[in-house]
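Input: a single structure, listed below in structure tokens.
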Amino acid sequence: MRWGGIFDIDNKKIQLEEEELRTHVPDFWSDQKKAEAQMRKIKTLKMWIEKCAEVDAAVGEVEVGFDFVKEGVLSEQELDELYADALDKIEKLELRNMLRREEDKLSAIMKINSGAGGTESQDWASMLMRMYLRWCEKHGYKTAIQHMVDGDEAGIKSVTIGIEGDFAYGYLKSENGVHRLVRVSPYNAQGKRMTSFASVFVSPMVDDTIEIVLDPASISWDTFRSGGAGGQNVNKVESGVRVRYQYKDPYTGEEEEILVENTETRDQPKNRENALRNLKSILYNKELEHRREEQRKIEDSKKKIEWGSQIRSYVFDDRRVKDHRTNHQTSNVGAVMDGDIDDFIKAYLMEFSTDE
């Protein structure tokens with residue numbers, strides 16, 4: 001396998017054999033949580049081996065294609081298509097290879113909040129929500145709106161989205177920060193150029209393999225009726241849940257109240273379960289942030305990344321979207337707002353994956 005050395009496939013094949021042998025012991029499924037974690041490890045190793053084989057086959061087709069073009073069996077256009085397919089597979093595998101941290105492989109929880117500015121910022125938050133939902137759809141990720149607060153006139157004030165699928169967090173962690181929109185506002189009678197802000201916060205969705213200990217004394221619950229469009233859509237029982245957690249940072253001693261709301265279903269116990277999972281995800285992410293901060297103190301990183309800083313500008317009338325961390329930009333604003341953000345994600349991972 002020609003590309004195996006780059007991705008250490010020979011060692012992965014040996015490791016796969018060893019990990020599969022561990023599943024053959026008689027009491028393997030007696031500890032279901034441990035067994036499921038083992039099966040996920042095997043699945044990941046198989047994915048690497050299979051994807052690398054696909055790249056190898058695609059490169060082989062390009063090589064054969066050159067000979068076929070000389071013989072007149074294949075057109076140059078068909079060869080170009082084979083080359084583009086091989087290049088796409090290589091780039092996707094290289095990108096996946098950058099996601100090596102333990103949490104990268106997890107699903108994600110994304111929260112979008114509109115900034116100051118009323119309707120204009122709330123409309124911008126809804127545009128970002130659509131952009132990410134379109135990106136998820138294109139990449140086969142399952143999404144669920146866990147809680148959403150509508151804007152006063154248009155758009156949304158905030159939304160929490162669950163994004164399920166392998167490596168969702170690894171890719172979307174690049175979106176953490178403040179997103180700035182500059183455009184001629186449709187909500188301004190004078191047609192002025194307006195600047196709006198919305199913040200995006202992405203955390204890894206914890207699963208059963210991650211132990212997060214919650215202090216029961218620090219938890220309190222409220223219930224409320226989920227909002228609706230009226231009529232038959234109004235939820236007449238208090239299925240919406242709100243959990244408050246009094247968190248004390250174990251490293252700094254600082255205290256804060258963490259608030260999580262969930263109105264995903266009309267089943268209150270299910271919403272409580274989802275809210276607790278989200279709370280655990282937030283606490284897990286706080287621990288990861290601490291580790292990253294300690295790592296940055298040790299290493300002389302290329303650039304300081306502040307999670308709350310302005311990361312990207314979308315200037316509609318200049319037809320420009322620019323990431324301020326990587327300087328990657330594009331003039332195809334329409335495609336970006338339709339979910340085409342892979343180049344921004346790739347530029348981020350290329351520059352910062354070794355610094356985290």
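The values are calculated or read from the model by the stated rules, or taken from the named source; none is laboratory data. Everything quoted here is computed from the prediction, not taken from an experiment. For neighbour counting, all protein chains shown are included, and Cβ atoms are generated from backbone atoms with ideal geometry for every residue, glycine included. What goes into the accessible areas is simple: the full protein's heavy atoms, side chains included, and nothing from ligands, DNA or RNA. Shrake-Rupley method; radii C 1.70, N 1.55, O 1.52, S 1.80 Å.
3J(HN,Hα) couplings calculated from phi for the stretch 258-265 with the Karplus curve 6.51 cos²θ - 1.76 cosθ + 1.60 (θ = phi - 60°) are, in sequence order, 9, 10, 10, 10, 9, 10, 5, 10 Hz; Gly and Pro show x. With a ≥ b ≥ c the root eigenvalues of the C-alpha gyration tensor of the stretch 147-279, is it rounded (a/c under 1.5), prolate (a/b larger than b/c) or oblate? Oblate shape, in that a/c is at least 1.5 and b/c is the bigger or equal ratio. Shown is the FRET efficiency for GLU293 and ASP207, computed with R0 = 30 Å from the Cβ-Cβ distance and rounded to the nearest 0.05: 0.80. Listed values for the stretch 107-112 are Karplus-derived 3J(HN,Hα) couplings in whole Hz (6.51 cos²θ - 1.76 cosθ + 1.60, θ = phi - 60°), namely 5, 9, 10, 10, 10, 10, and x replaces Gly and Pro. Under a Gaussian network description of the chain, with springs only between Cα atoms under 10 Å, the residue in TRP29, TRP48, TRP124 that fluctuates furthest is TRP29.
Note on the chain: Rg/Rh from Cα positions, Kirkwood definition for Rh, rounded to two decimals, is 1.01. Applying a DSSP loop filter and a limit of 15 other Cβ atoms within 10 Å to the GluC sites (Glu not before Pro) in the stretch 6-86 leaves GLU71. Share of carbon and sulfur in the accessible area of the chain stands at 48%, probe radius 1.4 Å. Return the long-range amide H neighbours of GLN146 (sequence gap of 5 or more, or a different chain), with a cut-off of under 5 Å between placed amide H atoms. Answer set, sorted by chain and number: THR160, ILE161, GLY162. Straight-line reach from LYS157: taking Cα to Cα under 19 Å and skipping same-chain neighbours fewer than 8 places apart, the aspartates and glutamates in range are GLU120, ASP123, GLU175, GLU261, GLU264. Using only Cα coordinates, the Kirkwood hydrodynamic radius of the stretch 1-112 works out to 16.8 Å. Estimated purely from DSSP H runs of n ≥ 4, each contributing -39500 (n - 2.57), the mean residue ellipticity at 222 nm for the chain is -14000 deg cm²/dmol once divided by its residues. Between the stretch 101-167 and the stretch 11-83, what is the separation of their alpha carbon centroids in Å? One Cα centre to the other: 32 Å. Rolling a 1.4 Å probe over the protein heavy atoms gives the chain an accessible area of 55 Å² per residue. In this structure, the residue pairs whose Cα-Cα separation is over 24 Å, taken from LYS41/LYS89; LYS111/LYS142; LYS46/LYS270; LYS12/LYS111; LYS12/LYS173, are LYS46/LYS270; LYS12/LYS111; LYS12/LYS173. So for the stretch 69-212, averaging the separation of alpha carbon pairs under 8 Å that are six or more residues apart and normalising by length, what relative contact order in percent results? Relative contact order here is 30 percent.
Amide hydrogen proximity for SER226: with H placed 1.01 Å from N in the peptide plane, the residues at 5 or more positions away or on another chain lying under 5 Å are ASN235, SER239, GLY240. For the listed peptides 268-277, 167-176, 108-117, 183-192, a ranking on the average number of other beta carbons within 10 Å per residue, highest first, reads 167-176, 108-117, 268-277, 183-192. Averaging the sequence gap over all C-alpha pairs within less than 8 Å and six or more residues apart, then dividing by the number of residues, gives the chain a relative contact order of 15 percent.
Note on surface exposure: PHE28, PHE197, PHE66 rank PHE66, PHE197, PHE28 by accessible area, highest first, 1.4 Å probe.
Overall form of the stretch 46-179: prolate. Here a/c, set by the Cα gyration tensor axes a ≥ b ≥ c, is 1.5 or more, and a/b is the larger of a/b and b/c. For the stretch 60-76, putting each phi into the Karplus relation 6.51 cos²θ - 1.76 cosθ + 1.60 with θ = phi - 60° gives couplings of x, 5, 5, 4, 5, x, 4, 5, 5, 5, 4, 8, x, 7, 10, 7, 5 Hz, in residue order, rounded to whole numbers and with x for Gly and Pro.
Springs join every pair of Cα atoms under 10 Å in this Gaussian network model of the chain, and among ASP340, ASP67, ASP249 the largest mean-square fluctuation is at ASP67. Here's how it looks for ILE156: its modeled amide H is under 5 Å from those of ASP123, ALA125, SER126, GLY151, which are all 5 or more places away or on a different chain.
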